[in-house]
Amino acid sequence: MRVEQFDTVILGAGAAGMMCAIYAASRGGRVLVVDHAKAPGEKIRISGGGRCNFTNIGARAENFISGNRHFAKSALGRYTPRDFLDLVEKHDIPWHEKTLGQLFCDRSAKDIIQMLRNEMEQAKVEMRLRTTLEAIDRTESGFVLRLGGDWPGAITARNFVVACGGKSIPKMGATGHGYQLAERFGLSVTPTRPALVPLTFGEDVLAGFREISGISADAVVKVGKARFEEAILFTHRGMSGPAILQISSYWREKQPIRICLEPTVDIAERLIEMKQAFPRRTLPTALAEILPKRLAAYLAQTNGWSGILGEQADRKLAAIAEGLKNWELYPTGTEGYRTAEVTLGGVDTAGLESKTMEAKSVPGLYFIGEVVDVTGWLGGYNFQWAWSSGWAAGTAI
Ligand code: FDA
C-alpha cells in the first residue's frame, strides 16, 4: 500500500485548524488539513448571526475560563486581535465594531472563510474534506494515520495537530473526538460542559416566563463573583440573551443566579418621585415606566404588587426596588450542547506548552482551539483564541 508523507497533518478545518495550516505551510512544510465535514469553517459561517464576530479588540487572558488562568497569555500576547485585524484588512474585508470591542464583518462571515481559504491556497496547504481519521499510531519519527471517507489511505506525518473543536452543536459535525485523542496519548482532559448556553427552569417558573417570552431587558446577572452587564431575554424554554449566555459559563447546578434589572436606574428613587407626582398611579403602571410593560405586569402579578402609589409607604417602594435589583432565580439546567456556543473544559493545559501548544509528553502532537481547556466569554473571544492558538502551533512547527 502506498503511504503518503506529510510534515504536518491537522485534524479539523475550523478556525484554529485553518489558521495553523496557513502558518505551518508558510514555513515550507507539506501540510494536510483533514475534516469529516463537506465544507471548511462551518461554525465560522453561522457565527455572529452570519456576520462572524471574528475578534474582540480588548481580548486578554482575563476574558477566558481555564484551569490555568495564565495559560492563554502567551499565545494571545504574541498573536493579538490587531494581528488578525491586519489580516482581515489585507484582504479588504469591510468590518465594524458593534459594542464592547466586538468586531464583525460588514457583509458576511463567508468573507472570513474565503480569506482563510485564499491564504491556505497561497501557502499550498492541501485539504481533504469528507475524510475521517480511522486510526493513529506513534512511530519513531512521528505519526502514522489511517484515513477513511472520500480520501482513504495511509499517511505519515512528523506533526499531528488536533483542531477538531468541542462538543457544541453536534448537528454541525462536533464530535468530541479531540478529547478521545488526548486520552489516547496519555493527556488528561478536564470535565467538559456546555457553555455560552441558555438556562432552563422548572415548570413553575416557565409557566410565567411563557407570558413574557420574547421580552428583553438590561440587567446585571451574577453568579458568585462573576458578573455581566448586558441584555437578558425571556424565552419559552427559560432565559437567554448575552448576559445569561455569559453567566452560564460560571453557573453550576443548584446555584441561584441574581439579576439586577435596569442597573443604571435608581428604581426606589423613581418610584418615590412618581408617588409624589402621581399618587393615583397604580404600582404595575409605575413599574411599566421603568421596565418593559409585559415584564412589569408579570413581576407585579407574581409578587402581588398592587394598589396605587399614594397608598404605599416609601419603605415598601424601596423593598419592591430591592426585589428588582436582587431577583434570585434557580435554573434547573441548560439547553445543552444542542445550542451551546462552546464547550467548557477540555484538554488539560498542564500537559501542553503554552508557547507552542505542543503536548509536553508527546513531541509533535499539538492541541489548538476549542478542544483545549480555554473558553472565552461571548463577544469574539473564542475566535481570537482559535486564531492565537492556531498561530502559536503553526509558527512553532
Ligand atoms: P471548530 O468547531 O470551528 O472546528 C472544528 C472542525 O473539526 C470542524 O470543521 C469539524 O467538522 C471538524 N471535526 C470535528 N470532529 C472531527 C472528526 N472526528 N474528524 C474530522 N473532522 C472533525 N465565537 C466567536 O468568537 N464569535 C462568534 O461570533 C461566535 N459565534 C458562534 C455562533 C455559534 C452558533 C456557535 C456554535 C459558536 C460560535 N462561536 C463564536 C464559537 C466559535 O465558533 C468556536 O469557538 C470556534 O469555532 C472554535 O474553533 P475550532 O477551530 O477550535 O473548532
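Some observations on this one:
- Residues with amide H under 5 Å from that of residue 165, placed H, sequence gap 5 or more: 370, 371
- Dimensions of the stretch 1-143 along the principal axes, based on C-alpha atoms and rounded to the nearest Å, stand at 55, 35, 26, largest first.
- Other residues within the sphere of radius under 15 Å centred on the Cβ of residue 356, judged by their own Cβ, net out at +4 (K and R +1, D and E -1).
- The alpha carbons of the stretch 157-268 stretch over 66, 28, 24 Å along the principal axes, in descending order.
- Separation between Cα centres of the stretch 309-362 and the stretch 206-285, rounded to whole Å: 14 Å
- Per residue, the convex hull spanned by the Cα atoms of the stretch 283-397 amounts to 165 cubic angstrom.
- Karplus 3J(HN,Hα) series, Hz, for the stretch 56-61 with 6.51 cos²θ - 1.76 cosθ + 1.60 (x for Gly, Pro): 10, 4, x, 4, 9, 4
- Relative contact order, percent, the stretch 12-51 [alpha-carbon distance under 8 Å, six or more residues apart]: 49 percent
- Here is how the number arises for the chain: DSSP H runs of 4 or more residues each give -39500 (n - 2.57), the sum is divided by the residue count, and the result at 222 nm is -9000 deg cm²/dmol.
- For the chain, the longest principal axis of the Cα atoms and the long axis of helix 81-90 meet at an angle of about 70 degrees.
- Cubic angstrom per residue, convex hull over Cα atoms of the stretch 43-89: 94 Å³
- Alpha-carbon gyration tensor eigenvalues x 5, square-rooted, for the stretch 1-46, Å: 21, 15, 6
- Near the amide H of residue 132, within less than 5 Å, lie the amide hydrogens of 148, 149, 150, 151, all on another chain or at least 5 residues away, with H placed in the peptide plane.
- Each peptide in 304-317, 160-173, 246-259 was scored by the mean count of other Cβ atoms within 10 Å over its residues; highest first, the order is 160-173, 246-259, 304-317.
- For the stretch 201-339, the equivalent ellipsoid derived from the alpha-carbon gyration tensor has semi-axes of 29, 15, 12 Å in decreasing order.
- Net charge of neighbours whose Cβ lies under 15 Å from the Cβ of residue 82, counting Lys and Arg as +1 and Asp and Glu as -1: -1
- Out of every Cα-Cα pair that the chain contains, those further apart than 29 angstrom amount to 49 percent.
- Within the stretch 169-224, the proportion of Cα pairs with more than 16 Å between them is 69 percent.
- Across the stretch 148-158, computed HN-Hα scalar couplings (Karplus, 6.51 cos²θ - 1.76 cosθ + 1.60, θ = phi - 60°) run x, x, 5, 10, x, x, 9, 9, 10, 8, 6 Hz from first to last residue, x flagging Gly and Pro.
- Axis angle, to the nearest 10 degrees, between helix 381-396 and the longest C-alpha principal axis of the chain: 20 degrees.
- Charge tally for residue 98 (other residues, Cβ to Cβ under 14 Å; Lys, Arg +1; Asp, Glu -1): -2.
- ³J(HN,Hα) computed for each position of the stretch 113-130 - Karplus, 6.51 cos²θ - 1.76 cosθ + 1.60, integer Hz, glycine/proline x: 4, 4, 4, 5, 5, 4, 5, 5, 4, 4, 7, 6, 6, 9, 10, 10, 9, 6
- Three semi-axes of the equivalent ellipsoid, the stretch 88-239, Cα gyration tensor, whole Å, largest first: 40, 25, 15
- The stretch 151-221, relative contact order in percent, only Cα pairs under 8 angstrom and at least six apart counted: 17 percent
- Taking amide H positions as modeled 1.01 Å from N, with prolines and chain starts lacking one, the residues under 5 Å from residue 109 and 5 or more places away or on another chain are 51, 52.
- Spatially proximal lysines relative to residue 38 (Cα-Cα < 25 Å; intrachain offsets below 8 disregarded): 110, 124, 167, 171
- In straight-distance terms, cross-link reach from residue 355 covers every one of the lysines whose alpha-carbon lies under 18 Å from its own, apart from those fewer than eight places away in the same chain; here that gives 73.
- Restricting the stretch 86-121 to trypsin sites (Lys or Arg not before Pro) that sit in a DSSP loop and have at most 15 other Cβ atoms within 10 Å of their own Cβ leaves 98, 107.
- Cross-link partners for residue 360 among the aspartates and glutamates, with Cα-Cα distance under 15 Å and sequence neighbours closer than 8 places in the same chain left out: 183, 348.
Where a number appears in this text, it was derived from the coordinates with a stated rule and is not lab data. Small disclaimer: the values here were computed from a predicted structure and weren't measured. Quick reminder, even Gly has a Cβ in these numbers, built from the backbone with ideal geometry, and neighbours come from all protein chains shown.
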